[in-house]
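Read the structure below first, then the notes.
The values are calculated or read from the model by the stated rules, or taken from the named source; none is laboratory data. This structure is a prediction, so every number in the text was calculated from the model and none was measured. Counting neighbours? That spans all protein chains shown, and the Cβs are built from the backbone with ideal geometry, glycine included. In case anyone asks, the SASA skips ligands and DNA or RNA and just uses the protein heavy atoms, side chains included. Shrake-Rupley method; radii C 1.70, N 1.55, O 1.52, S 1.80 Å.
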Amino acid sequence: MERLDKILSNFGNMTRTQAKEYLKKGRITVNNLIVKDGSLKVSDDDEIGIDGKTINRTRFRYFMLNKPSGYISSTEDEPDGSARNVISLFECEKIKGLFPVGRLDKDTTGLLLVTNDGELGHRLTSPSAGIDKTYVATVKGILSPKDAEAFNAGMEFKDFIAKPAKLDIIETNEKEGSSVARVTISEGKFHQVKRMFLKVGCEVTALKRISEGKLMLDENLKPGEYRELSQDEIGRLME
Ligand code: URA
């Protein structure tokens, strides 16, 4: 609950004196009833009008989620009830209109931006945005510098040509026949990272997104945990 005069100055772009004047003249309504007392406490669900026009009080919120495996990047659960959606993790926030920006596969973990700012979401996911996304992948097989070259050359698939991607081999384990690598892509085609590794003969067994553009996953967040972005991080998203 917040005072009506405070809301008028925040969302109606009024000075406190202007708000007082509007209230006195009966130009302000709350749920279609004229209100003259600026100290009235108003909830988020109350509709505030200035000269008969409802003011938009949507506050945009921006969260980084460390997506846990087993959740789908959607606002709805799987129709057969086999998996919950990532927005269900935000139930206690009671914020309308939250959605995940882009998609991670059900078994992929890591950085997922969640917001109610449709315009920003649209901008960040548009193919022309070309935002770099970095993943750490664990794969079956031993990666070699040749594979890094293949990633760097771009790859042709049945349905699309993947732009050059950067592959940094972090470790190879000959005994276990596995490798860990960091890979950066600038697009987000369906199963892109997994398909690129398959092209060099390696199956991804674990995939975690660690950054998107200038936004880095906060390593203090355990899978399933989230936090609000700082002003600085929001600013960097908008750059
Ligand atoms: N590439 C994939 O294959 N899966 C993801 O979840 C993200 C990128």
Are any of the residues in the stretch 105-112 more than 16 Å from the ligand (Cβ to nearest atom), under 27 Å from the mean Cα position of the chain (by Cα) and in the same structural domain as ASP232 (by TED's automatic domain parsing)? no
Index of the failed condition, ILE234 passing every other in (1) open to solvent by 30 Å² or more (accessible area, probe 1.4 Å); (2) in contact (Cβ under 8 Å) with a residue 24 or more places away in the chain: (1)
Matching option when the condition is touching a Gly at 6+ places or on another chain (Cβ under 8 Å) and within 19 Å of GLY102 (Cα to Cα), among SER179, SER211, SER186: SER186
Scan of the stretch 46-67 for residues that are crowded, with 16+ Cβ neighbours inside 10 Å, touching a residue at least 60 places away in the same chain (Cβ under 8 Å) and not hydroxyl-bearing (Ser, Thr, Tyr), ordered by number: ARG61, PHE63, MET64, LEU65, ASN66, LYS67
Could you list, in sequence order, all residues of the stretch 120-161 that are closer than 22 Å to LYS214 by Cα and assigned to a strand (DSSP E or B)? LYS133, THR134, TYR135, VAL136, ALA137
What residue, among those in the stretch 151-172 that are aliphatic (A, V, I, L, M) and more than 19 Å from PHE190 (Cα to Cα), is least open to solvent (accessible area, probe 1.4 Å)? ILE169
Please give the strands (runs of 3 or more DSSP E) falling wholly within the stretch 1-103 in which 1 or more residues are farther than 30 Å from ASN220 by Cα and aliphatic (A, V, I, L, M). 28-30, 48-50
